[in-house]
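Undergrad: I have a structure here, written as structure tokens, and I will follow up with some questions on it.
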Amino acid sequence: MKIGILGAMEEEIHLFGDKMTGCSSETRGQRKYISGQLFGHDIHLVFSRWGKVAASSTATTLIERYGVDYLIFTGVAGGVDPQLNIGDIVVADNLIQHDMDVSFLPQMKEFEIPLLGRADFPVARKEVEKAIMAAENWLGQDLTKQVAAETLAQFAITAPKVTCGTIASGDQFVSSIAKVQQLREKIPNLCCVEMEGAAVAQVAYEYGIPCLVLRTISDKADDDAIIDFPRFISSVAAFFTCGSVLRLLEGWGSYT
Ligand code: SAH
């Protein structure tokens, strides 16, 4: 299996890259694709940049040029489910593009992708469960070894948990309670918002390959959403998502 890993954080790419062996790299379309091995898997790793276009063009290159047959997207997201706290990990079990709206056309639902006949991209249950197990495993065994207690305290992270639910993506940084409420009313089981996952899920769906999206909650998509992003990402989020994905790759066959 060839696995494509897309990160929305450069800091995270370094953490993966440090663990990969036999690496080579190539730059295409302003992205650096790093190819190598992790736990016996062929990995193609890339910083996708932010937004749906950036992520979907990168995903397409991973499939077309590198022949990947499994996509994993990692990054941070704004938690909109009130049960979620900063530092929690969300595994998408469904993905929606919240800024897609051609519902003025007859028979088109809001969020429906034109000519695709669907508005959402569900993730196979067994893939979701594998990712949840891996993330729980990492949090339980390695969190305190890899992230200092004072760093966790600075971001008020006490007992991070892993959850699954719908992730909504759009070309917009969500930072208002009004927008959060509007999205929660329209999208059932909405956990968090970000800017890439559902775009990658659409590409994966169109090519008929699986796609996993894992996110660490960085903010609550409200008026305080502009946190100290660079520090949160390099000292917390990169470890959470990278640690979880490494654990997933390490135990790939055993999570059944
Ligand atoms: N890393 C940047 C901040 C990026 S914010 C910095 O250093 O300043 C945009 C990224 O975070 C996107 O990848 C998006 O998917 C995710 N994200 C986090 N919180 C979000 C929110 N509230 N709304 C939309 N995207 C969010």
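Since every read-out is calculated from the coordinates, none of them should be taken as a lab result. All values derive from a computational prediction rather than experimental measurement. All Cβ positions, even for glycine, are placed from backbone atoms using ideal geometry, and neighbour counts span all protein chains on display.
Undergrad: Could you give the size of the charge dipole of segment 112-256 about its Cα centre, using +1 on the Cβ of each K and R and -1 on the Cβ of each D and E, expressed in debye and rounded to the nearest 20? Numbers along the way, then the final one.
TA: Working: 13 positive and 18 negative charges, 74 e Å.
Roughly 360 debye for segment 112-256.
Undergrad: Relative contact order, percent, of the chain when contacts are C-alpha pairs under 8 Å separated by at least 6 residues?
TA: Working: 554 pairs, mean separation 73.8, N = 256.
Contact order relative to length: 29 percent.
Undergrad: Note the per residue figure in Å³ for the convex hull of the C-alpha positions in the chain. Intermediate results must be reported in sequence, preceding the final value.
TA: Details: hull volume 30.5 nm³, N = 256.
Hull volume over Cα atoms, normalised by residue count, gives 119 Å³.
Undergrad: List S25, S254, S169 from most exposed to least, where exposure is judged by having the fewest other Cβ atoms within 10 Å.
TA: Values: S25 13, S254 9, S169 30.
Result, fewest neighbours first: S254, S25, S169.
Undergrad: If you take the charge dipole of the chain about its Cα centre, with +1 on Lys and Arg Cβ and -1 on Asp and Glu Cβ, which of G7, S24, I86 is farthest toward its positive end?
TA: S24
Undergrad: Separate question: Taking only DSSP H segments of four or more residues, each worth -39500 (n - 2.57), what value at 222 nm results for the chain once the sum is divided by all its residues, to the nearest 500 deg cm²/dmol?
TA: Working: 9 runs with 88 residues, N = 256.
The per-residue figure over the chain is -10000 deg cm²/dmol.
Undergrad: Tell me which of M195, L214, A159 sits at the most positive position along the dipole axis of segment 145-252, charges placed on C-beta atoms (Lys, Arg +1; Asp, Glu -1).
TA: A159
Undergrad: I'd like the antiparallel share, as a percent to the nearest 5, of DSSP beta bridges with both residues in the chain.
TA: Values: 21 of 52 bridges.
If we restrict to bridges inside the chain, about 40 percent are antiparallel.
Undergrad: May I pose another question? Can you give the charge dipole size of segment 103-195 about its Cα centre, rounded to the nearest 20 debye, using +1 on the beta carbon of Lys and Arg and -1 on the beta carbon of Asp and Glu? Please report the intermediate quantities before stating the final value.
TA: Values: 10 positive and 11 negative charges, 39 e Å.
Roughly 180 debye, rounded to the nearest 20.
Undergrad: On to the next question. Using all C-alpha to C-alpha distances in segment 126-185, build P(r) with 5 Å bins and read off the rounded percent in each one.
TA: Pairs per bin, as whole percents: 4, 13, 17, 15, 16, 20, 14, 2.
Undergrad: Quick check on the exposure proxy: order M108, M1, M100 from fewest to most C-beta atoms within 10 angstrom. Write down the numbers at each step before the final one.
TA: On the way: M108 16, M1 11, M100 20.
Ordered by Cβ neighbours within 10 Å, fewest first: M1, M108, M100.
Undergrad: With a 10 Å Cβ neighbour count serving as the proxy for reagent exposure, in which order, fewest first, do E206, E64, E150, E127 appear? All intermediate terms of the calculation are to be shown ahead of the outcome.
TA: Working: E206 15, E64 10, E150 7, E127 19.
Arranged by neighbour count, lowest to highest, E206, E64, E150, E127 become E150, E64, E206, E127.
Undergrad: In addition: Magnitude of the Cβ-charge dipole of the chain, K/R +1 and D/E -1, about the Cα centre, nearest 20 debye? It would help to have the intermediate numbers written out before the result.
TA: Details: 22 positive and 32 negative charges, 92 e Å.
Value, rounded to 20: 440 debye.
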